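What follows draws every value from the coordinates through simple rules; no lab data is involved. Because the structure is predicted, anything quoted here is derived from the model rather than measured. Quick reminder, even Gly has a Cβ in these numbers, built from the backbone with ideal geometry, and neighbours come from all protein chains shown.
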Amino acid sequence: MKKQNCEEESGKLVPLIDLNKCEGKTPCVPICPYNVLEIREINDEQYAQLSFAGKIKTFFNGKKKAFVAKPDACHACGLCVSACPEKAIKLVKKN
Ligand code: SF4
């Protein structure tokens, strides 16, 4: 998928990442035109909150996950949602 500029106003929607589904495969990070997402290692507290299946999946994938580093920069273009092979990202209203 090709990178494109998003025309949506930022700050209304933000990506929500299901850490039980995310396998840290990273296509969401480079495709985002606004550098909203980053890959880092899940911490112990976050790991403890995963489902049993999520823990198994995470254990075998090196504990790397996508996280929302700059929520205010999201323009809701949906590129990351389409790029995720695990369907782990959705856009939700910002609180
Ligand atoms: S929807 Fe995804 S790809 Fe688009 S700006 Fe927001 S975080 Fe980046």
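The table below gives the values:
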quantity: q = 0.13, 0.16, 0.20, 0.22 Å⁻¹: log10 I(q)/I(0) that the Debye formula gives for the chain, counting C-alpha atoms only; calculated: -0.42, -0.62, -0.92, -1.06
quantity: For Gly11, residues with placed amide H under 5 Å, excluding near neighbours; calculated: Cys74
quantity: Residue of Ala66, Ala76, Ala48 that the Gaussian network model of the chain assigns the largest fluctuation, springs spanning Cα pairs under 10 Å; calculated: Ala48
quantity: Test item: Cα-centred dipole of the chain, Lys/Arg +1 and Asp/Glu -1 on Cβ, debye; calculated: 220 debye
quantity: Qualifying GluC sites (Glu not before Pro) in region 1-94, DSSP loop, other Cβ atoms within 10 Å at most 10; calculated: Glu7, Glu9
